[in-house]
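Peer 1: Sharing a structure, written as structure tokens. Questions coming.
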Ligand SMILES: [Mn+2]
């Protein structure tokens, strides 16, 4: 495995914690500052070098400036312009040997929680989703049918370039994996739909971000998901996390006390030869951190990363 951590574009103590816990790779996002031009090599180069100067090699791009990436998901008037930007930055990623893009298909809302201050062990805070907190409202901003159409249009436009430049699209499931969220519908909400999405333009460069918590929230068998998607070589990136509950009502857990057997998960990744990037995801906010970045607090990562490394070492699962 390639151990990585999601680090914002401006250095903060999470960068130091990553380095101090032995992380050598970064999951990066382009700054959403209105100045970063994703089609400009020099912008990417300086961002890349900022991480490299701290001993962190970028390996995944996750998150990108909006609204460029909203347009192709919404299928609005700027769709072709936004797709053109993607086509221009794929060769830049190739030059930087940045081979994986974590992409989602959740326009308008992104990953979504209705509560972010649920008390967990010892007063740590976790996020949760409760269906009753978000009633359906009209009009719908986008339907499932439109989402499928837009996804098809996007894949047909970009997959040939992904193949040309060797860039993998790692589709993240919808989070929460529900068919309707207030005024939007959603599609990447279960295994069948995700498999359908991967078959729109069959390619070795179209796969998934195996966000464990999302698949658990779907009620899917996480061990079978890890097994079958790895067998098909469709796991490009792993988000290591756990939840408890159902698609309608769930909350995050510490990595060591959720319902999922995390050791068994790692044994399965190893058994099927997964050697791609992994990062811990959605950590509790622990004492010493405020709750301004629910799921991404700094201290919580220390425990999560340490716990992951401990398991990998115990399993003799090689990582870099
Ligand atoms: Mn995730």
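Peer 1: Please specify each residue of the range 264-283 satisfying the condition of being more than 15 Å from the ligand (Cβ to nearest atom) and part of a loop (DSSP other than H, G, I, E, B). Spell out how you get there, then give the answer.
Peer 2: Of all residues in the range 264-283, those more than 15 Å from the ligand (Cβ to nearest atom) come to 264, 266-275.
Selection gives 272, 273, 274, 275.
Peer 1: Let me ask something additional. Going through 226, 200, 208 one at a time, which residue ends up being outside any strand (DSSP E or B) and either buried (at least 24 other Cβ atoms within 10 Å of the Cβ) or within 13 Å of the ligand (Cβ to nearest atom) (or both)?
Peer 2: Unique residue meeting the criteria: 226.
Peer 1: Here are the criteria: (1) buried (at least 22 other Cβ atoms within 10 Å of the Cβ); (2) more than 21 Å from residue 142 (Cβ to Cβ); (3) touching a strand residue (DSSP E or B) at 6+ places or on another chain (Cβ under 8 Å). Tell me which single one residue 262 does not satisfy.
Peer 2: That leaves (1) as the condition not met.
Peer 1: Next up: Out of the helices (runs of 4 or more DSSP H) lying entirely within the range 1-84, which hold 2 or more residues that are surrounded by 18 or more Cβ atoms within 10 Å (Cβ to Cβ), touching a residue at least 60 places away in the same chain (Cβ under 8 Å) and touching a helix residue (DSSP H, G or I) at 6+ places or on another chain (Cβ under 7 Å)?
Peer 2: Filter on the range 1-84 gives 68-74.
Peer 1: For the subset of the range 284-301 comprising residues that are under 22 Å from residue 244 (Cβ atoms) and not in a loop (DSSP other than H, G, I, E, B), which member is nearest to the ligand (Cβ to nearest atom)?
Peer 2: 295
Peer 1: While we're looking at this one, here's another question. Among the residues of the range 240-263, how many are over 15 Å from the mean Cα position of the chain (by Cα), in a loop (DSSP other than H, G, I, E, B) and either in contact (Cβ under 8 Å) with a residue 60 or more places away in the chain or within 15 Å of the ligand (Cβ to nearest atom) (or both)?
Peer 2: Final tally of qualifying residues: 8.
Every number here is computed from the coordinates shown, using simple stated rules; none is lab data. From a predicted model like this one, the values you see are computed outputs, not experimental measurements. A quick note on method: Cβ atoms are made from the backbone with ideal geometry, for glycine too, and the neighbour counts reach across all protein chains shown.
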